[in-house]
Structures are given as structure tokens and as C-alpha cells.
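Each remark here refers to the structure printed beneath this line.
The values are calculated or read from the model by the stated rules, or taken from the named source; none is laboratory data. These numbers were taken from a predicted model, which means no experiment stands behind them. Quick reminder, even Gly has a Cβ in these numbers, built from the backbone with ideal geometry, and neighbours come from all protein chains shown.
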Amino acid sequence: MDLITLLSEPLSYDFMVRALITTAIAAVVCALLSCWLVLIGWSLMGDAVSHAVLPGVVLAYIVGAPFALGALVFALLAVTLIGVVRNTSRVKEDAAIGIVFTSLFALGLVLISVTPSQTDLNHIIFGNLLGVSMADLVQVVVLGVVAFAILVLKRRDLTLYAFDPTHAHAIGLSPRRLGALLLGLLALTSVVALQTVGVVLVVAMLIIPGATAYLLTDRFSWMLLIAPVISAACSVAGIYVSYYLDTASGAMVVLAQGIVFAVVYLFSPRQGLIGTRLAKARRKRAVALAS
Amino acid sequence: MTGNAPAILVDKVTVHYGEVLALDSASLSLDPARICGLVGMNGSGKSTLFKAIMGMVKPDSGRVLINGQPPVKIRKEAGIGYVPQSEDVDWAFPLSVRDVVMMGRYGHLGFIRRPRKADRDAVEHALERVELSDYADRQIGQLSGGQKKRAFVARGIAQGATMMLLDEPFAGVDKRSEATITRLLRELASDGATILVSTHDLHALPQLCDEAVLLMRKVLMHGTPDVVLQPENLAMAFGLDVMNRG
């Protein structure tokens, strides 16, 4: 089989085309958002929000409302609860996050277990990439485009918020509102990515690309380019591999991102464990040659 | 600016964090174009006073007026420049010195904060003024202690701030940079900027400041640096160990 058939064969199936488009969109939007999350130190928050949306999605399914609406409501509920528990008791933030998101996640699982449905709601948990319907695709495209547009247009404000919220306040912006915007986008993006990799693995797409890009550059503007490109490439590669090896597609996408992170972690010329040593050795050789 | 209103008026401001009393009916009036040193030990309320002036904490009682107006007014005009304490900055953040200085312009930019030529010029001018033009493309963490401070001062200059608040600007800064920063702030004050500097680095104060304030949750004393820095006055704010150390 030559390369062209290798790449084009899966595309002859409509479900594969839909899977690729959905994953690519989710990958790009998640990757953009991940750049801010890893720099603010909100990875755990990403984990929490992406799990906590589960009951919202199930309830939305039950009443026939858009998934995104239910997810948004429960994302905000989760963030509020975390803040309340942290601020009004001696429990620290990481514990508050752990308590709130696992409880809400469990609530979601309970709701799933009692909800009769034609579609298997368990797909929300592990993703159902190959079962993306046309309606799902439309929703992912709309939400993805909205989240993408807001992130790109407000990227400078969000970066300012991540870097120095006090300065943001001093020049008349509202750090509280920018933080809320970022959390809202987190909820929206979680819904986009649910479809692809499921609730459990969304957090991978919300952290790994940003962390990988962070190891590759000292410029935030480059991170915003590197992270989505790596993420999209991993997603497409992951789906092809899962097609030919007949493995779980969502998990394969995340695995691909994890592998790329590992390679960058080891070999990045700026930050990599081995890469920096190699660069040092090269410089030494160059000096030795010159003298 | 309205008439002869003081640049900063802090009027009997009290702030609690939960049970903790951070400021206790603190009062302070500062005229325009003056440099004032805020002296007090950790926990004396220096940071809280800054936050009250910027309108980041709402006083339980009392009020803050900037140029005779509530702080929200000068914030909307992007009039306050803020130089954070080193510990409050993520120095590994992937931004260049120029990126950081450009953030000073954001208050003047439109919805998506796209800089125009005038903004880029303001940034280059500010970098020149703090003598960091050659370092503009460095990642901010790759500057020396003094250069880092100057980068944030440049942000305030690019912003066109008429008021600068500096939190411990001399911590981790070598003598030469300290002199450079002092000269820079004196220039800005003579251009009309009002500058409030919090510090527990007392020896730098006399060259820098026109006046000094002793803070211990309330304003204990407000006068010229040589009076305020008398050992018996410092003892009030710091306890006796300062006198012992000399």
C-alpha cells in the first residue's frame, strides 16, 4: 500500500471524515486555551471543569437543551463551589477542587445510570469519535469557531491577565471578568472536546499542548502557534493509527500528544533534559575547534 | 485634575481581611509631583495601602481620592503605573521585555489591543529612557535584578502614567542599578509624576524621596526623610531591633 492510499483510504468513510474534522477543531481550540492554563497554573482547574460538566451535559440531554448550555451552567457551579469551599473553610484549594469535581462527576455518572436513552451516554465519558453524527459535528464547529474567535481576539488581554492581573486592574481592565471569560471558554471548550476524547481525557488536550509549546519557545505568541499545530498533528496522526491498529481513537489521540511531549521534554534545545546537554556539548566542541 | 486637590488622599481608611486588621484608620495626603517613601515592616499594611489606592480592595470605612476623584477614574485613564514586587512576578513567563512594556499601552488600545505605530514608538521611547533598548528582545527572566525593575518602570512610562506605585523596587538590586532607578524616578517626578515607593531599604530613601511615611497599620508619621528616619521614630514602626542593628 503506498502512502497516498494509506492516507486516503480512511477518508472514503464519512464517519472517518467527521471524526477527523471534529478532532482537529477540538485539538486546535483546546491547545490555544492550554497555553494560558499552564501559565496561570490552572491545569487542575481544567481537570475539574472538564469533569464537572458531566451532570450538566446529561441533564441537557434529558430536557433536550443544548449540551453546551448544561455544561456551562455546571462549569460555573463547579468554579463557584470550589471558591466557596476554599474561602469559607480551612480546606485548601487543591482539596476543594478534588472534592467538588469528583462529586459532580459522580453525580453525572449516577444520572447516566438512571437515564434511559437510545444513544449510549457512556460515550460522553470516553468519547465516541467514530460515532460523531452530522448534528454533533455542526455543534462542534459552531462552538469551536466561537471559542477560537474569542481566544484569538482577546489573546492580549488574557495574556495580560495571566501575567499581571494587578496591572490589568490598574489600567482599568477587570481581572475578575477576564478570569470569568477564561473559565467560560474552558467550559465551552470542554464540550467541544467531550465528543472526541470524552470527559476523562479532555484534560489531556487542555494541558499537554500548552506545556509542550512552553518547552519550545520563550515567546507567548509562538506558543499560540506551536501548541495548536502540534495538537492538530497529533490528533490526525492518532486517528490514523487507531484506524489501522484498531485501537481506541480518543485514547490514541491523547497518547500521541503524550509521546510528543515526552520527546520535547527530552530533546528541546532550550529546556529539554538531554537537548540542553547536547547543545552545551556542541558549543564546547565549537570552542575547541576554534582555538 | 481638579484645582489643588492632593494627588493622593487617603482619608481614615480601615481595611480588614477576615479577622485581620490590615489598615487602621490610615490617613495620608500627597501632593502632585512628589516622591514619597512608604516605610514599614512586613505586615504593616504597605501592600494593602497600594491596593486601596488602586481600588483593588474596598475599604471598610474611609475613602481614597486620586486627584480629587475616586480611583476608578484614574484607572479608566490608565493613569496609574504599578511596579510589582519581584516575588509577585512569574519570571519564566514567555514574554520579551518589549512585550511587557507594550502592556503599558493596553489601556489606550481598542477592543483587541492591536498596537499602532504611536504605541510602538511609545514603547521604544520608554525602553530608551530606562536604557534597556539593547535588551528589548530578551525574555524578561533573563535580565538582572535592576534591569527587571527598570523594565516595569518602562511599562509605566509607555503607559503615560501620572502616578507610579513601586513595591520594594530596591530588593535584589545592585548599587549601580539602584542609582539608575533613583535618577529615573527623580526625572519622572520632575516631569510631574507622583510616585509612591514602598520599601524597607532605608538607606536609599534620602536620595530618592521628598517625603517619607512611617506605616504600622496606621500612619505613624509623615515628614521629610531625615526626620522620619530618626532612630527613635523608626523604633516605633519596626520595634527596637532596628536601633540595635544601627
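Below are the figures for this structure:
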read-out	value
Any hit, the stretch A:179-186, residues being within 11 Å of another protein chain (Cβ to nearest Cβ) and over 21 Å from A:Ser235 (Cα atoms)	no
From the options A:Val17, A:Val29, residue that is free of Cβ contacts under 8 Å to residues at least 60 places away in the same chain and either surrounded by 20 or more Cβ atoms within 10 Å (Cβ to Cβ) or over 19 Å from the mean Cα position of the chain (by Cα) (or both)	A:Val17
Filter result (basic (Lys, Arg), surrounded by fewer than 20 Cβ atoms within 10 Å (Cβ to Cβ) and more than 9 Å from every other protein chain (Cβ to nearest Cβ)) within the stretch B:60-108	B:Arg63, B:Lys73
Test: B:Leu234 is closer than 30 Å to B:His125 by Cα and in a helix (DSSP H, G or I)	no
Failed item, numbered, when A:Ala162 is tested on (1) under 21 Å from A:Leu224 (Cβ atoms); (2) outside any helix (DSSP H, G or I)	(2)
Qualifying residues in the stretch B:176-194 (those that are in contact with a Gly (Cβ under 9 Å, 6 or more places away or on another chain) and not small (Gly, Ala, Ser)) - the one farthest from B:Ala5 (Cα to Cα)	B:Arg176
Condition met for A:Ser235 (within 16 Å of A:Ala24 (Cβ to Cβ), surrounded by 19 or more Cβ atoms within 10 Å (Cβ to Cβ) and hydroxyl-bearing (Ser, Thr, Tyr))	yes
Test: residue in the stretch A:115-122 that is assigned to a loop (DSSP other than H, G, I, E, B) and small (Gly, Ala, Ser)	yes
First in the stretch B:130-144 and closer than 14 Å to B:Ala154 by Cα and without any contact (Cβ under 8 Å) to a residue 24 or more places away in the chain, second anywhere and in a helix (DSSP H, G or I) and of a type in the set (Asp, Glu), Cβ under 9 Å, 6 or more apart	B:Ser133/B:Glu124
Residue within the stretch A:152-171 that is within 14 Å of another protein chain (Cβ to nearest Cβ), on the phi > 0 side of the Ramachandran plot and of a type in the set (Gly, Ala, Ser) present	no
Single match in A:Leu278, A:Leu273, A:Leu289, A:Leu266 (criterion: surrounded by fewer than 16 Cβ atoms within 10 Å (Cβ to Cβ) and not in a helix (DSSP H, G or I))	A:Leu273
Residue ID - nearest to B:Val57 (Cα to Cα), chosen from residues in the stretch B:2-36 that are assigned to a strand (DSSP E or B) and touching a Pro at 6+ places or on another chain (Cβ under 8 Å)	B:Val15
Matching residues in the stretch A:165-184 - criterion: being in a helix (DSSP H, G or I), in contact with a helix residue (DSSP H, G or I) (Cβ under 8 Å, 6 or more places away or on another chain) and at pLDDT 90 or above	A:Pro165, A:Thr166, A:His167, A:Ala168, A:His169, A:Ala170, A:Pro175, A:Leu178, A:Gly179, A:Leu181, A:Leu182
Some residue of the stretch A:61-77 being modelled with pLDDT under 90, farther than 21 Å from A:Ala180 by Cα and in a helix (DSSP H, G or I)	yes
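A quick yes/no check of all residues on (1) modelled with pLDDT of 90 or more; (2) away from chain B (no Cβ under 11 Å); (3) touching a helix residue (DSSP H, G or I) at 6+ places or on another chain (Cβ under 9 Å); (4) in a helix (DSSP H, G or I):
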| site | (1), (2), (3), (4) |
| --- | --- |
| A:Ala193 | no, yes, yes, yes |
| A:Thr196 | no, yes, yes, yes |
| A:Val199 | no, yes, yes, yes |
| A:Ala204 | yes, yes, yes, yes |
| A:Thr217 | yes, no, yes, no |
| A:Trp222 | yes, no, yes, yes |
| A:Ser231 | yes, yes, yes, yes |
| A:Ala237 | yes, yes, yes, yes |
